[in-house]
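The values are calculated or read from the model by the stated rules, or taken from the named source; none is laboratory data. What you are looking at is a predicted structure, and each value in this text was computed from that prediction instead of being measured. Neighbour counts run over all protein chains shown; Cβ positions are idealised from the backbone, glycine included.
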Amino acid sequence: VSSSASLAAWVGLFLSGNNDDENFYRNNNNNASSADDAIISQQDAGNPYNNTTNDGDKPLARLLIVDDDPDIVHVLKRGLQQNGFLADGFTNPKQALQSFKSNVETYSLVLSDARMPGLSGIQLTRKVKEINPHVKVVLMTAFEIRDNEFSKVLPSTQVDGFVQKPVGIRDLTNKILSLIGQSKRRRRNEDFDR
Amino acid sequence: MKILTDNPYSDRIVRGNSLEIAETTVKKKILIEPGSHILLVYNDLNAFREIYTQYSRALLPQNEIVVIGTQYETVNEVKNILRLSGVDVERYLNEGTLFILDAQPGYQDAGSHGMWKFARSLLSRVKREGRRGVTWFGDAGSFFSFEKIEELMQYELSLPQKYEDTLKTVCSYHLKDFEQLKESQKQILFDHHFKSILVE
């Protein structure tokens, strides 16, 4: 029930409720495949399957998407791929962490649900930042985001951004591009300083 | 439903699928007796939903106060699930006999005892209004999320195995969280709760 309800909320925003999102989506996807082509099964949501963007151009960045709700993984992965990103989606955060370890140099950003049983978004953040401090992490939550909630438990492991679900793909894309841009600028400056 | 026989705590550990557990819990009333401090380990969210839904549907009309402290689904999702199963959510919310809360700030911001204080205040209402009792489903997931296992153990051990009044607490754990505990910690929890329910 919850799964369907959450999917409906996401899809509602994604496809019809937000004209800005829809226009952005259209303008950036001249060669987008049909919706059916983009649909993945729930098993696929647990594993990276198709890491190509729909327009065949060089991807903007590679993203790791983690959420225990397969519907959300599906919608985010599809939307972000169609906006030019390479995106791997996982419903199992431990598998996601394994993928991150195996492809540590290629991921620019991790987009993870905050509350997941077994390995929470906070725990995942800590682990990926230990492996690669430069990777950006955005946590998503359907719950109210309270300022001190994460700072109390992550004093040294910065979460780079928070997203309140549901979020439109356009807003999410802008947030990701902004974070990745900051990251690239900082790394360029570090190289220059050396 | 099976009762474990190869475990020293066999008389207090019950295993079954979510439907069996829900039915036994609600219809036969053998698992959640007044005053019980229960450990519930659910293998997926649907199992947890099945149990709190059946319980709420059966006990709210019998003058019980039900509190659902949620971790892995939002308050609105819980409301919707209850509505879809036929619970008159608005009526019980307005009456103040159904409470659906985000467990994370309850346990982590107000401290573990914040929710406990709230439970005591509800018990006062039970006496004042002649109600049946209070049942508290609280998901412990935030302790794992924030890696506060020691605090979790302290909190659990601060609660009695059996309450002297009509309070029933169902300390609920997602299996993936529960599996993060050491075997010794699991055993302490099994030992400390009046009954343990493992949903398979």
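Might you check whether a residue that is at pLDDT 65 or above and among the acidic types (Asp, Glu) occurs anywhere in the range A:166-175? Checked against the condition, which is being at pLDDT 65 or above and among the acidic types (Asp, Glu), the range A:166-175 yields at least one hit. Evaluation of A:Thr91 against the conditions (1) more than 14 Å from chain B (Cβ to nearest Cβ); (2) within 30 Å of B:Gln180 (Cα to Cα) shows that the sole unmet condition is (1).
The sole residue among B:Leu98, B:Leu167, B:Leu93 that is surrounded by 16 or more Cβ atoms within 10 Å (Cβ to Cβ) and at pLDDT 95 or above is B:Leu98. Flag: B:Gln154 does not match the condition of being modelled with pLDDT under 95 and under 16 Å from B:Ile38 (Cβ atoms).
Every condition in (1) under 25 Å from B:Ser18 (Cβ atoms); (2) of a type outside the set (S, T, N, Q); (3) assigned to a helix (DSSP H, G or I); (4) within 14 Å of another protein chain (Cβ to nearest Cβ) holds for B:Tyr173 except the one numbered (3). Take the residues in the range B:102-122 that are touching a Phe, Trp or Tyr at 6+ places or on another chain (Cβ under 9 Å) and away from every other protein chain (no Cβ under 14 Å), then tell me which one is modelled with the lowest pLDDT. So the residue we want is B:Ser112. Can you spot a residue in the range B:72-84 that is over 21 Å from A:Thr141 (Cβ atoms) and either touching a strand residue (DSSP E or B) at 6+ places or on another chain (Cβ under 6 Å) or crowded, with 17+ Cβ neighbours inside 10 Å (or both)? Yes, the range B:72-84 has at least one match.
Residue count for the range B:53-78 satisfying the condition of being farther than 18 Å from B:Cys171 by Cβ, at the interface with chain A (Cβ under 8 Å from one of its Cβ atoms) and touching a helix residue (DSSP H, G or I) at 6+ places or on another chain (Cβ under 7 Å): 1.
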